[in-house]
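K.L.:
I'd like to ask you about the structure that follows.
Readers should treat all values here as calculations from the given coordinates under stated rules, not as data from a laboratory. Note that the coordinates shown come from a computational prediction; the quantities given were computed from them, not determined experimentally. Don't worry about glycine lacking a Cβ; one is built from the backbone with ideal geometry, like all the others, and counts go over all protein chains shown.
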Ligand code: RIB
């Protein structure tokens, strides 16, 4: 039976503007399209896993505004357990103004809002339910102390963890994340965490190995259109990219991690789970939006028929 998955992390409301090009500083530019949707790295990863049929719970905080109510409703609609979603009075929910250009590449601003109030105590309050999970996912849009606390809690209770160190945080201490089971950075985040260059395959592997030397079991580096690389102390596996025409790459990393969690929780084969995750993320970038671009199990099976 598949292990239950928990996400201790963020939620945001994505305010997405599609544009022909990014504006220059001081310039006013007309953009052809605006869309609003549910996002946030934590909620996106939870949503992807749930869309694929996983049993998911989320520990997060929303503001007492219309965005907060809508976020809870959206999580529940996807079948995610929201018992540990707290509402912070007098605070806004997290929001993310996002700008997507013609090639599908994006720039993202985040305003943490209530996400900044997700505290170690919230993890303790959810402890009995978290202990029922086999895998806990974290990202960096909530206070770093909450991430450290969750890692320590999971390690003490024999629960595997995935940390996506995004957005890149200069204050993340490699020593305090060494108990994570899987660290999933992109190249920028890996460079910042390791303090090493990552401009070639060998450099990327050496940077990942420097973190493995500090105790992290497995590093999975996401490489965008170049696929991903799985690095352990004695093994390197390249995950080939899946070629598609991108419309919007926003949330592709979250689609990758949420779906990896779902497949890994099901069968425990890391390399196989990564191949499936690569397909799932590729499918997501052929559509606009973040969570709304994540396929259901049936839709994903259809995509795989044409792309495997
Ligand atoms: O990874 C994409 C996500 O980053 C967006 O949904 C946005 O909310 C920001 O958190």
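K.L.:
Would segment 88-226 count as rounded, prolate or oblate if I go by the C-alpha gyration tensor, calling it rounded below 1.5 in a/c and otherwise prolate when a/b exceeds b/c, oblate otherwise?
P.N.:
Since a/c reaches 1.5 but b/c is at least a/b, the shape of segment 88-226 is classed as oblate.
K.L.:
What's the ranking of 32-44, 90-102 by average number of surrounding C-beta atoms within 10 Å, highest first?
P.N.:
32-44, 90-102
K.L.:
Something else now. For segment 165-203 and segment 272-295, write down the distance between their C-alpha centroids in whole Å.
P.N.:
23
K.L.:
What full-extension length gain, to one decimal in nm, is calculated for residue 188 and residue 125 as 0.36 nm per residue of separation minus the Cα-Cα distance?
P.N.:
In short, 19.3 nm is gained.
K.L.:
Right, here's the next one. Of all DSSP beta bridges in segment 116-259, what percent run antiparallel (nearest 5)?
P.N.:
Roughly 45 percent of the beta bridges in segment 116-259 run antiparallel, per DSSP.
K.L.:
Order by neighbour count: 294, 18, fewest other Cβ atoms within 10 Å first, most last.
P.N.:
18, 294
K.L.:
Could you work out how much longer the chain between residue 24 and residue 196 gets when fully extended? Use 0.36 nm per residue separation minus the Cα distance between them, nm to one decimal.
P.N.:
This chain segment gains 58.8 nm when fully extended.
K.L.:
I'd like to compare 224-234, 298-308, 251-261, 60-70: which one has the highest average count of other Cβ atoms within 10 Å, and what's the full order after that?
P.N.:
In decreasing order of mean packing, 224-234, 298-308, 251-261, 60-70 become 251-261, 60-70, 224-234, 298-308.
K.L.:
If you don't mind, there's one more thing I want to ask. Over segment 213-308, what is the relative contact order in percent, taking alpha-carbon pairs closer than 8 angstrom and at least six residues apart?
P.N.:
This gives 24 percent for segment 213-308.
K.L.:
If I take every Cα pair under 8 Å that is 6 or more residues apart in segment 1-74, average their sequence separation and divide by the length, what percent do I get for the relative contact order?
P.N.:
42
K.L.:
How high is the FRET efficiency from residue 203 to residue 105, r the C-beta distance, R0 22 Å, rounded to 0.05?
P.N.:
The computed FRET efficiency comes out at 0.40.
K.L.:
Under the rule of -39500 (n - 2.57) per DSSP H run of 4 or more residues, summed and divided by the residues of the chain, what mean residue ellipticity at 222 nm is obtained, to the nearest 500 deg cm²/dmol?
P.N.:
-10500 deg cm²/dmol, from helical runs alone.
K.L.:
May I pose another question? Assign one of three labels to segment 153-297, namely rounded, prolate or oblate, based on the Cα gyration tensor with a ≥ b ≥ c the square roots of its eigenvalues; rounded applies when a/c is under 1.5, prolate when it is not and a/b is larger than b/c, and oblate otherwise.
P.N.:
prolate
K.L.:
Multiplying the sequence separation of residue 87 and residue 236 by 0.36 nm and subtracting their Cα-Cα distance, what value in nm do you get?
P.N.:
49.3 nm
K.L.:
Indicate, rounded to the nearest 5 percent, the antiparallel portion of the DSSP beta bridges found entirely in the chain.
P.N.:
40
K.L.:
If contacts are Cα pairs under 8 angstrom and at least 6 residues apart, what is the relative contact order of segment 29-139 in percent?
P.N.:
RCO, segment 29-139: 25 percent.
K.L.:
Rounded, prolate or oblate, given the Cα gyration tensor of the chain, with a/c below 1.5 counting as rounded?
P.N.:
rounded
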